[in-house]
Structures are given as structure tokens and as C-alpha cells.
Amino acid sequence: MMLDLAIVGGGPAGLTAGLYATRGGLENVVMYEKGMPGGAITQSSEVENYPGIKEVVSGMDLMAPWPEQCMRFGLKHEMREVVRVQKASHGFDLLLDNNETVAAKSVVVCTGGVPRKAGFKGEEEFFGRGVSTCATCDGFFYRDKEVAVIGGGDTALEEALYLAEIASRVYLIHRRSEFRAAPATVRRAEANEKIVFITDTVVEEVYGNNMGVQGVRLKNRVSGEESDLSVPGVFVFVGYDVNNAVLKQEDGTFLCEMNARGQVVVDLSMRTSVPGLYAAGDIRVEAPKQVVCAAADGATAALQAIEFVRHQG
Ligand code: FAD
Ligand code: NAP
């Protein structure tokens, strides 16, 4: 059977693409999600910035009604991992993890991404309970409190500047004294009196109790000196990997244009460089990495896919 649309990934972008595509009249729409639908936000215990949801809710609770709403209009979910999307004469072929190949006229890729871990003790244990990888999501919880930011790239420096607007002090902890971030961004952070630079220093451990993080244990890499910093919040920005493997072809090239960071290049309509192929959510260039934005991308991509499939006849 030929699908009108195949959706890869069942987070906010994929589910919303499914909702708009099926409700907009596409017949055979399948969302391939290797796990339970819901996406990365289901790891969060507190979400309070999804418009219309006034209460603070867990990511699980926020996403729980989304699949049912989509299925009502005919979206099908297949719990499969897509290994590769490739071009075919009819449009696209999707190679699945059970070696099955599925044909589709159009595809929306919504596979998201994963923030890298720094690797210190307590990082996993306190993730979501004081350790965060998202200042937009969690910065508000540290209004007038002190926080630590880990990393020396553009993301760490820019997010430190963002957090300095909310927190009373931001300790920027970087393992070297040279920064990867743009010199102008480093200068802006240095000029901000709320940001304290701690360089040549690694975080050995984040510690706390069942209420959350209480502090970090640091080690200076030059002097070997160890110290403690009492902070309730630790933001880790040591890189971000987008899940772009499905777009990688057998010869190692990508199916569509990507930027240097491995994100899919799209226009404002979520169109990639290949007609009929769309990308939505955290995998695309300039993604704000927010549920509301990923959902909006999914809707935009689906509306384009509907047009594309109708013109194919
Ligand atoms: P994702 O949600 O990452 O979904 C991608 C899906 O694709 C996953 O379910 C994955 O299993 C699936 N997938 C990947 N590869 C394949 C494959 N090959 N085959 C099949 N399936 C595949 N945003 C907010 O707006 N507010 C918040 O408070 C907030 N807090 C957050 C807290 C945490 C701890 C985290 C991790 C994120 C938070 N975010 C928050 C960000 C938000 O979760 C993301 O921006 C959003 O989920 C992105 O949606 P997406 O659909 O693009 O990708
Ligand atoms: P990045 O440039 O790779 O920087 C990651 C930082 O984290 C580096 O300083 C690195 O230290 C540090 N780090 C890595 N692993 C660590 C670990 N285990 N423990 C402690 N520190 C660790 O990542 P990014 O900041 O996310 O940026 C990614 C790309 O996006 C870059 O090309 C960046 O320029 C770009 N970007 C651009 C903008 C912008 O133009 N406005 C904004 C954001 C991102 P070392 O330096 O010692 O390796």
C-alpha cells in the first residue's frame, strides 16, 4: 500500500502533523514512533509554558491526550524505528527496523534530538530535579536564586545571559580558559555583573537530597584544588545531537540539505530541499526547542504535505 504521508517520530511535531494531515483529508497516514508517542517532553516533571494549560503539569500528562485526538481522525501509529528514508520513483521509501520497506508519497521527519550529557556524578540522578538542559523551560524556577551553567560554547554563553535576566547570579563553569563561543558573546557575558566565570574547572559531582540539587563539587584542572558551590539549579549546555540518522543514505550523504550542525534546512513552510519531504520540530534549523513551536511546525508541514499530495493526483 502506498501511504499519502509517512511521519517519522511521534513527539509534539509528529503528532500534530498527524492531526492536521488526517483531519485535512489525507487517507493513509502512518506515524512511525519507536516508543510510546509523546516525545522528549514526557521526561519533564513540570511544564508550565504550554499555552492554554494554566496548571503546572508533567510532560506525561500534557501529552497523554494527543495520540487519542489524532487517532480519532484516522492517524495510525506503528511502533517501529525508521532506519532510513530514501528517494523512490513514486516519492519515498522508508526502511523499517524489521527490514520492511514502506512506500509514501510524502514524508515529515520529526525525530527531535538529544542534549549531550557532561558525564559528572549525579547528572542522571538529579536530571529534572535541579539539573536541566533547557533554560527557556526551567529558568523561571530559579527566579532570584543562584544557578550554575556548564559549557563554553555559544549555547552555554547565550543561555547564561538569558538566565542572568532571571536568576540572582549565574556561575559559568567551563573546563578550559578559552571559549568556543563567539568573542562578542563572551565579552557580553563578561560585562554582565550577574555572571561569574569559573574557568579551567570541571564539575565532579552534583549533590542534593530528595528535594533536589543543593550544590556542585568542583575541581580546578590546573591547581587540582577542590571546592563546593551551593546552587539549587545546574544547567548543562555541552552540545546537542539531532536525530538525523534516518536521512543518512547508504553512501553517507544526506537525503536533503543539512547545516553544519546536522540540522535539516527548511523554509518557513518546513519544506526541505527535496519536494515532498518536510522536517518539523527540534530537528530543523533555528528550532526554539519548545513544545508549542514543534507542534506548530508539525501543523505547517502537514498543510504543505496535503497540498503536495493533492497536486500529485
Ligand atoms: P521529540 O519530542 O524529541 O520527539 C521525537 C520523537 O521521535 C521521539 O519520541 C523519538 O522516540 C522519535 N524517533 C526518533 N528517531 C526515530 C526513528 N528513527 N524512528 C521512529 N521514531 C523515532 N519544551 C517546552 O515547551 N516546555 C518545557 O517546559 C520543556 N521542558 C523540557 C524538559 C525536558 C527534560 C526536555 C528533554 C525537553 C523539554 N522541552 C520543553 C523541550 C520539548 O520537549 C521539545 O522541544 C519537543 O519535545 C520537541 O518535539 P519534537 O516533536 O520535535 O521532538
Ligand atoms: P559546542 O560549541 O560544541 O560547545 C560545547 C561546550 O561544552 C564546549 O565549550 C566544550 O568544552 C564543553 N563540553 C563538551 N563536553 C563537555 C563535558 N563532558 N564536560 C564539560 N564541558 C564539556 O556546543 P554548543 O554551544 O551547543 O554549540 C553547537 C554549535 O552551535 C556551535 O557551532 C555553535 O557556534 C553553534 N551555535 C551558534 C549560536 C549562534 O550563532 N547564536 C548559538 C548557539 C549555538 P571545550 O571547549 O573544552 O571542548
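Annotations for the structure displayed:
- Expressed in Å, the radius of gyration and Dmax of the Cα atoms of region 1-134 are 16.8, 51.
- Projecting the Cα atoms of 164, 109, 135 onto the charge dipole of region 89-237, computed from C-beta unit charges around the Cα centre, puts 164 farthest toward the positive end.
- In region 170-248, the alpha-carbon atoms span a convex hull of 152 Å³ per residue.
- With only the Cα atoms considered, the chain has a convex hull volume of 147 Å³ per residue.
- Accessible area of the chain divided out per residue, in Å², using a probe of 1.4 angstrom: 49
- For residue 227, the solvent-accessible surface computed with a 1.4 Å probe is close to 50 Å², ligands and nucleic acids excluded.
- Karplus-derived 3J(HN,Hα) values for region 210-224, using 6.51 cos²θ - 1.76 cosθ + 1.60 with θ = phi - 60°, are 5, 7, x, 6, 10, x, 10, 9, 10, 9, 6, 6, 8, 8, x Hz; glycine and proline are entered as x.
- Principal axis box of region 117-236, alpha-carbon based, largest edge first, Å: 40, 34, 22
- DSSP assigns beta bridges within the chain; of those with both partners inside it, close to 45 percent run antiparallel.
- Considering only 22, 266, 233, the residue lying farthest towards the positive end of the dipole of the chain is 266, judged by Cα position with unit charges set on Cβ.
- Size of electric dipole in the chain: Cβ of Lys, Arg +1 and of Asp, Glu -1, about Cα centre, debye, nearest 20: 340
- Estimated at 0.36 nm per residue, the fully extended path between residue 23 and residue 207 surpasses their Cα-Cα distance by 61.4 nm.
- Amide proton proximity set for residue 58, modelled H, under 5 Å, gap of 5+: 47
- Just checking the listed ones, 11, 112, 212: in the Gaussian network model of the chain with Cα springs under 10 Å, the one fluctuating most is 212.
- Solvent-accessible area, 1.4 Å probe, carbon plus sulfur percent, for the chain: 48
- Largest mean-square fluctuation among 228, 138, 61, in a Gaussian network model of the chain whose springs join Cα atoms under 10 Å apart, belongs to 228.
- 5 angstrom amide H check on residue 84, placed H, neighbours 5+ away: 95
- Whole-Hz couplings from phi, Karplus 6.51/-1.76/1.60, listed for region 11-22; x for Gly and Pro: x, x, 5, x, 5, 5, 4, x, 4, 5, 5, 6
- For residue 64 and residue 250, the difference between the fully extended length at 0.36 nm per residue and the C-alpha to C-alpha distance is 63.3 nm.
- For region 95-155, the percent of C-alpha pairs falling in each 5 Å distance bin, counted from 0 to the bin holding the largest distance, reads 4, 10, 18, 17, 13, 6, 8, 11, 8, 3, 1.
- Under-5 Å amide H pairs with residue 274, H placed in peptide plane, nonlocal only: 257
- Each residue of region 263-268 was assigned a 3J(HN,Hα) from its phi angle through the Karplus curve 6.51 cos²θ - 1.76 cosθ + 1.60 (θ = phi - 60°); the sequence is 8, 7, 7, 10, 8, 5 Hz, with glycine and proline shown as x.
- Taking the inverse of the mean 1/r over every pair of distinct Cα atoms in region 130-180 gives a Kirkwood hydrodynamic radius of 10.9 Å.
The values are calculated or read from the model by the stated rules, or taken from the named source; none is laboratory data. Worth saying up front: this structure is predicted, and the values here are computed from it rather than measured. All Cβ positions, even for glycine, are placed from backbone atoms using ideal geometry, and neighbour counts span all protein chains on display. Surface areas here come from the heavy atoms of the whole protein model, side chains and all, with no ligands, DNA or RNA. Shrake-Rupley method; radii C 1.70, N 1.55, O 1.52, S 1.80 Å.
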